[in-house]
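See below for the structure under consideration.
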Amino acid sequence: MPGESTLTDIRAADRPVPRSAPEQAAATDRRVRGRVRVRSRGQRSRHTAAGSSLTLWQRIKRDKVLLALMLPGFLYFAVFSYAPLFGYLSAFEDYQPYTGFIHSTWVGMQNFTDLFADSAFWTALTNTFVISLIQLVLFFPAPIGLALLLSSVASGRIRKFVQSVVYLPHFIGWVVIVSIFQEVLGPTGAVQHMMSSVGLPRFDFMSDPGFFPWLVAIQAIWKDCGWGTIIFLAALLSIDQGLYEAAAVDGAGRWRRFRSVTMPGIMPVVILLLILRLGTILSVGFEQILLQRDTVGAKAGEVLDTYVYYHGVATQQWGTAAAAGLIKAVVGLVLVLGANKVAHRFGQEGIYSRGDR
Amino acid sequence: MDIRPSRTGRPPWMERPSRLGRGGKILAISLISVVVIYPFLAVVATSLSSESDIAASGGLVIWPSHPTFDAYRYVFSGGIVSQALWISFLVTVVGTALSMAATIGMAYGLSRSGVVGGRFFLATALFTMLFTPGVIPMFLTVQKLGMYNTLASLVVPSLVSAFNLVVLRSFFMGLPAELLDAARIDGLGDWRILTRVVLPLSKAVLAVVALFYAVSYWNAFFSALLYLNDTSKWPLALVLRGLVIGGEATSAANEGVVPQQAVQMAVVVVSVVPIAAIYPFLQRYFTKGVLTGAVKG
């Protein structure tokens, strides 16, 4: 709507309650002062300044364009993030798709009892932890090392080239990446040829169950190590160059500068990301593992997410699958909230503090 | 991203690098580049290879001695791969457009303070970053809404990403307030402020967010696996999964016309090329996009 401006607010505020002229002037004056104060804080102006004196309906009318713009997104979250939570009711039911939530038989904790008695569930849980742990040890530090390497390259052109190269795999889907790995590491792949030409025994990287957690970590590093450097490079960039210079003038060598300037400089980011990573320990690359589960077998390749998928959608054991999913969701939520709490302790912004600004 | 924008080389106080350190660095960087680039090159080479080349190398080909486009001719000649390519293209274009519209609208509303219900909407969106509804409830929801086995199921259930929403909102909030005030004084309403002031100033970040959405739609295979049971509706990623990982034979290979492996690798190339083509143009904006969303908020 053209013409909708600060004046609209004033009109909207004043129309229903006619006031005397001096009152009106005072009100306007207050608002103008409010505006100035707000603007000097560098924030968006009118809503905070004028909003308080309007009734709810007036505010809705004033913000109707913005509300209409927000509606599709809000509806999406309501339908696809919140409404599905009711689907977890099926964790307590003998759920049958054709009977629905309302009419399926309520079985209480029976699904959970069944779940805990299922050895496949414990295998999936163990695999999840093993893969997570190996990823934490191998995949977490890799981008830090690469970022340090990149930042130490003096030539801007080479650095930019390497960055372009290492960011690219992040945008490639898991199907393609697993396909490429199969061609390179698989039975007919280049690595096998290299190994057999130097007399090493054949080893099928792609289907060996014992190697699977390592394979998952290697693939994750190939795909996302470069992308992960962005955050650490930014942290390295934000270190005051004067500190390095001052340290060098004070006689600090390369190693000493690294220890006393670089490390403290990036530590907050490293700790924050580590904590947040710990919060998502139950989630290990679902698509990546789902694609390769059949190649290595369920004993090595089943994780919590694939367990839920196979028991629910594939073999129709809805109740048990939903119970496993619910456990994962609840534990995951607790871990993420806990991780954020710890992050705040360290004086960092977690992921949910954003909303306060 | 540039590490030291003002410097072209080594600052004066830094000692000369040792020969060993320099050599190690060059070696490490070359090795990393090769590890990333080699598989792509080998895939392209194999897709252009003839049966004899593939038989001679035993698998991936480094350099095709008789390059042929047979595999690509087969891929684009109709049949399941062409069909899947078209579906992936459609889903990516329509999905990205819808996602952008919904995300821009919500991010714009959330970037303005004092909007009625703004805090509630923001909390609603941010809280979804803490949990995911999970496979089973999502499946049941999609089924309930009658979207099972429709192409809409590839787009609608992943319409807005809270991460992208936060990226856009942070960017909109960082625009100079004076500019928006000036537009308002000139008589522009919320809609025109968005289309005439905010969006033109946000082209870079919009491009990055659009890329994130487009890539996720293009690469998605699990939503298709979960929600589609009609193979004629499968997107490219799912077809590729069948061909390479599942080891399904193509009709061309059955007829012995085009080597199976060349066809597989041609599909890989076709899956990667659209991403590789737009990626260089957007690369310089990545840092801003990632950082606003990831740590700083």
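FYI, it's all coordinate maths here, none of it is from the lab. It should be emphasised that the depicted structure is a prediction, and the values quoted were computed from it without experimental measurement. Because the Cβ atoms are built from the backbone with ideal geometry, glycine has one as well, and the counts that use them run over all protein chains shown.
Test of understanding: in a Gaussian network model of chain B with alpha carbons linked when under 10 Å, which of B:W218, B:W234, B:W13 would top the mean-square fluctuation ranking?
B:W13
By what distance, in whole Å, do the Cα atoms of the range A:127-208 stretch along each of the three principal axes, largest value first?
Computed over the range A:127-208, the largest-to-smallest principal extents equal 42, 35, 26 Å.
Compute log10 of I(q)/I(0) for the protein assembly as shown with the Debye formula, placing one identical point scatterer on every Cα and leaving out solvent, at q = 0.09 Å⁻¹, to two decimals.
One equal scatterer on each Cα of the protein assembly as shown leads to -0.89.
Taking a spot 7 Å from the Cα of A:D204 along the direction of its beta carbon, which residues of the range A:257-289 have an amide N less than 20 Å from it?
It comes to A:289, nothing else.
Considering the alpha-carbon set of the range A:110-356 alone, what are its Rg and its Dmax in angstrom?
Final numbers for Rg and Dmax: 21.6, 70 Å.
Between the helical axis of B:135-144 and the dominant principal axis of chain B, each derived from Cα atoms, what acute angle in degrees is found, rounded to the nearest 10?
80
Just tell me how shielded A:333-345 is by partners: mean number of partner chain Cβ atoms within 10 Å of each residue's Cβ, no decimals.
Taking the mean over all residues of the peptide, I get 1.
Summing -39500 (n - 2.57) over the DSSP H runs of n ≥ 4 in chain B and dividing by its residue number, what mean residue ellipticity at 222 nm do you reach, to the nearest 500 deg cm²/dmol?
Here the helix-only value at 222 nm equals -19000 deg cm²/dmol.
What average count of beta carbons from other chains do you get within 10 Å of the Cβ of residues in B:210-220? Walk me through the intermediate numbers first.
Details: counts 0, 1, 1, 0, 1, 4, 2, 0, 3, 8, 4.
What the average comes to for B:210-220 is 2.
Report the local net charge at A:V191: Lys and Arg +1, Asp and Glu -1, summed over other residues whose C-beta lies under 12 Å from its C-beta.
Net charge around A:V191: -1.
Tell me, what is the FRET efficiency for A:Q241 and A:D94 to the nearest 0.05, using R0 = 56 angstrom and their Cβ-Cβ distance as r?
0.30
Under 8 Å for C-alpha pairs, at least 6 residues apart: give me the relative contact order for chain B, rounded to a whole percent.
Taking the mean separation of contacting Cα pairs over the length of chain B, I get 28 percent.
Could you work out the pair-distance distribution P(r) of the range A:217-357 from its alpha-carbon pairs, with 5 angstrom bin width and percents rounded to whole numbers?
Going out from 0 Å in 5 Å bins, the range A:217-357 shows 2, 8, 12, 14, 14, 14, 11, 9, 6, 4, 3, 2, 1, 0 percent.
Apply 1/(1 + (r/R0)^6) to the Cβ-Cβ distance of A:T113 and B:S232, taking R0 = 45 Å, and write down the FRET efficiency to the nearest 0.05.
The value I calculate is 0.60.
Need one number: nm distance between label points at A:V330 and A:R256, each 7 Å from Cα along Cα→Cβ, rounded to one decimal.
Result for the modelled spin labels: 5.6 nm.
Count, for each residue of B:188-196, the Cβ atoms from other chains sitting within 10 Å of its Cβ, then give me the mean as a whole number.
Whole-number average of other-chain Cβ neighbours for B:188-196 is 4.
So what's the net charge close to A:F286: Lys and Arg +1, Asp and Glu -1, counting the other residues with Cβ under 15 Å from its Cβ?
Local charge sum for A:F286: -1.
Quick one: which residues, 5 or more positions from A:E93 or on another chain, have an amide H under 5 Å from its amide H? H modelled 1.01 Å from N in the peptide plane, none for Pro or chain starts.
A:V107
Sum up the charges of everything whose Cβ sits under 15 Å from the Cβ of B:L60, counting Lys and Arg as +1 and Asp and Glu as -1, but leave B:L60 out.
Working: positive: none; negative: A:E183, B:E51, B:D53.
In short, -3.
With springs only between Cα atoms under 10 Å, which of B:L122, B:L41, B:L31 fluctuates most in a Gaussian network model of chain B?
B:L31
Treating cross-link reach as a plain straight distance, find the lysines whose alpha-carbon is under 22 Å from the alpha-carbon of B:K25, omitting any fewer than eight places away in the same chain.
Output for B:K25: A:K160, A:K223.
Need the full-extension length gain, A:F161 to A:H193, defined as separation in residues times 0.36 nm minus the C-alpha distance. One decimal, nm.
So the chain would gain 8.5 nm between A:F161 and A:H193.
I'd like the Karplus ³J(HN,Hα) series for the range A:112-120: coefficients 6.51, -1.76, 1.60, θ = phi - 60°, whole numbers in Hz, and an x wherever there's a Gly or Pro.
5, 4, 4, 4, 6, 7, 8, 5, 4
Rounded to the nearest 0.05, what FRET efficiency is calculated for A:V130 and B:L130 with R0 set to 25 Å and r the Cβ-Cβ distance?
0.50
Subtract the Cα-Cα distance of B:L199 and B:R10 from 0.36 nm times their separation in residues, and report this length gain in nm to one decimal.
Difference between extended and current length: 64.1 nm.
Measuring from the lowest to the highest alpha carbon on each principal axis, how far does the range B:19-68 reach, largest first, in angstroms?
Answer, in whole Å and largest first: 46, 16, 14 Å.
Give me the one-decimal nm value for the distance between modelled label points at B:V273 and B:L175, 7 Å along each residue's Cα-to-Cβ direction.
Reported label-point gap for B:V273 and B:L175 is 3.8 nm.
Let me know the whole percent of all Cα-Cα pairs from the range B:73-296 that are separated by more than 31 Å.
34
Karplus couplings for the range B:46-53 from phi (6.51 cos²θ - 1.76 cosθ + 1.60, θ = phi - 60°), rounded to Hz, Gly and Pro as x?
Here the 3J(HN,Hα) series is 5, 5, 9, 8, 9, 3, 5, 4 Hz.
Want the number for A:I60 to A:K341: 0.36 nm per residue separation, take away the alpha-carbon distance, what's left?
Taking 0.36 nm per residue and subtracting the Cα distance, the gain is 97.6 nm.
Residue by residue through the range A:259-276, which ³J(HN,Hα) values in whole Hz follow from phi under the Karplus form 6.51 cos²θ - 1.76 cosθ + 1.60 (θ = phi - 60°), with glycine and proline marked x?
5, 9, 10, 5, 4, x, x, 9, 3, x, 5, 4, 5, 4, 5, 5, 5, 5
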